[in-house]
Amino acid sequence: MVAQNPFELFEYWFEKAKKNKNVKYPDAMNLATVSADGQPSNRNVLLKAWDEQGFVFYTNLTSRKGGEIAENAKVSLCFHWDDMDVQVRIEGVCEQVSDAQADAYFDSRALQSRIGAWASKQSQPLESHGHLLKRVAKAGLKLPMGKMHRPDFWSGYRVVPHRIEVMQMKDFRLHERREFLRNGNAWSEGLLYP
Ligand SMILES: Cc1cc2nc3c(=O)[nH]c(=O)nc-3n(C[C@H](O)[C@H](O)[C@H](O)COP(=O)(O)O)c2cc1C
C-alpha cells in the first residue's frame, strides 16, 4: 500500500483488523512504560481514539503505568494483528487528554464499567477477589446513578508519536519494515532490514 504518511497506513491496516473476524481485539495495543530506575514493564490497553495528534487510551492514573508515565512520559505501543501478519510499533510521549475529552468518554461507558473504575485501586495489592466485589457493590450503592462523574484518578493519555513502524510479514522472514520518523510537522519514510 502506498501511503503519504504513517496515519494513512495505520488506518488502512486498522480498518482491515476491525473487519477481520479472527482478530478478537483489533484495538488492543501493548503499552511499554519505563520506571524512574529504568525498569521497563508492559501490558495491553485499548485504543479508544486516534488521529494525527496521537493514540488515546484510558486508565487509572495511580496505577503502575500511571506512576511510571508521571516519572517518564516516553512510552511505546505495539499492535500485533496475528491473523494479518502485521505489526505496528509506535514510539512517543504521553500527555493527558483534556478533562472534557475524558468526561465524554467516561460518560459513554457502561454503568458497570464506570462503577468498576471507582471501585478499583488499580495495581495495588488486593486481599481477595471477594474484597473487590464488595468494593464494587459499595461503590454502586454510594454513587448517584443518573450522573456519575469521572473519578479524578481516572483519565486518558494521548501518545504523541515521533516514530511509527509498520511491518508486514513476508515468506522466509524477508519482512517489509517501513519506518516513519517525524520531522516537525512532516514525516520521512525509509525501509529497515528485517
Ligand atoms: C485486551 C486487554 C485490554 C486492556 N485494556 C485496558 C485499558 O484500556 N486500560 C487499562 O487500564 N487496562 C487495560 N487492560 C488491563 C491492563 O493490561 C493491566 O492489567 C492493567 O491496566 C494494570 O496495569 P499496570 O499495573 O501495569 O498499571 C487490558 C487488558 C487486556 C488483556
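The values are calculated or read from the model by the stated rules, or taken from the named source; none is laboratory data. All of these numbers come straight from a predicted model, not from anything done at the bench. Counting neighbours? That spans all protein chains shown, and the Cβs are built from the backbone with ideal geometry, glycine included. Heavy atoms of the whole protein, side chains included, go into the accessibility calculation; ligands, DNA and RNA do not. Shrake-Rupley method; radii C 1.70, N 1.55, O 1.52, S 1.80 Å.
A few notes on this one:
- A residue that is open to solvent by less than 60 Å² (accessible area, probe 1.4 Å), closer than 28 Å to residue 186 by Cα and away from the ligand (no atom under 15 Å from the Cβ) can be found somewhere in the stretch 14-27.
- Flag if residue 184 is open to solvent by less than 90 Å² (accessible area, probe 1.4 Å) and modelled with pLDDT under 95: yes
- Residue 45 being open to solvent by less than 10 Å² (accessible area, probe 1.4 Å), among the hydrophobic types (A, V, I, L, M, F, W, C) and at negative phi: no
- When restricted to residues that are within 15 Å of the ligand (Cβ to nearest atom) and buried (at least 17 other Cβ atoms within 10 Å of the Cβ), the stretch 81-92 contains 1.
- Summed over the stretch 28-45, the residues that are more than 8 Å from the ligand (Cβ to nearest atom) and either hydroxyl-bearing (Ser, Thr, Tyr) or in contact with a helix residue (DSSP H, G or I) (Cβ under 6 Å, 6 or more places away or on another chain) (or both) give a count of 2.
- For residue 106, the conditions (1) in contact (Cβ under 8 Å) with a residue 40 or more places away in the chain; (2) closer than 18 Å to residue 61 by Cβ; (3) more than 13 Å from the chain's Cα centre (by Cα); (4) open to solvent by 40 Å² or more (accessible area, probe 1.4 Å) all hold with the exception of (4).
- Hey, residue 128 more than 30 Å from residue 163 (Cβ to Cβ), touching a Lys or Arg at 6+ places or on another chain (Cβ under 8 Å) and open to solvent by less than 70 Å² (accessible area, probe 1.4 Å) or not: no
- Cβ-Cβ under 8 Å pairs, at least 6 apart or on other chains, the stretch 177-194 side closer than 17 Å to residue 1 by Cα, far side aliphatic (A, V, I, L, M) and open to solvent by 80 Å² or more (accessible area, probe 1.4 Å): 177/191; 178/191; 179/191
- Filter result for the condition that a residue is among the hydroxyl-bearing types (Ser, Thr, Tyr) and in contact with an Asp or Glu (Cβ under 8 Å, 6 or more places away or on another chain), over 63, 41: 41
- Applying the set (1) open to solvent by 50 Å² or more (accessible area, probe 1.4 Å); (2) in contact with a Pro (Cβ under 8 Å, 6 or more places away or on another chain) to residue 39 leaves exactly one unmet item: (2).
- Enumeration of residues in the stretch 67-79 that are over 13 Å from residue 159 (Cα atoms) and crowded, with 19+ Cβ neighbours inside 10 Å: 68, 79
- Scanning the stretch 48-66 for residues that are more than 13 Å from the ligand (Cβ to nearest atom), open to solvent by 80 Å² or more (accessible area, probe 1.4 Å) and out of contact with any strand residue (DSSP E or B) (no Cβ under 7 Å at 6 or more places or on another chain) yields one hit, 52.
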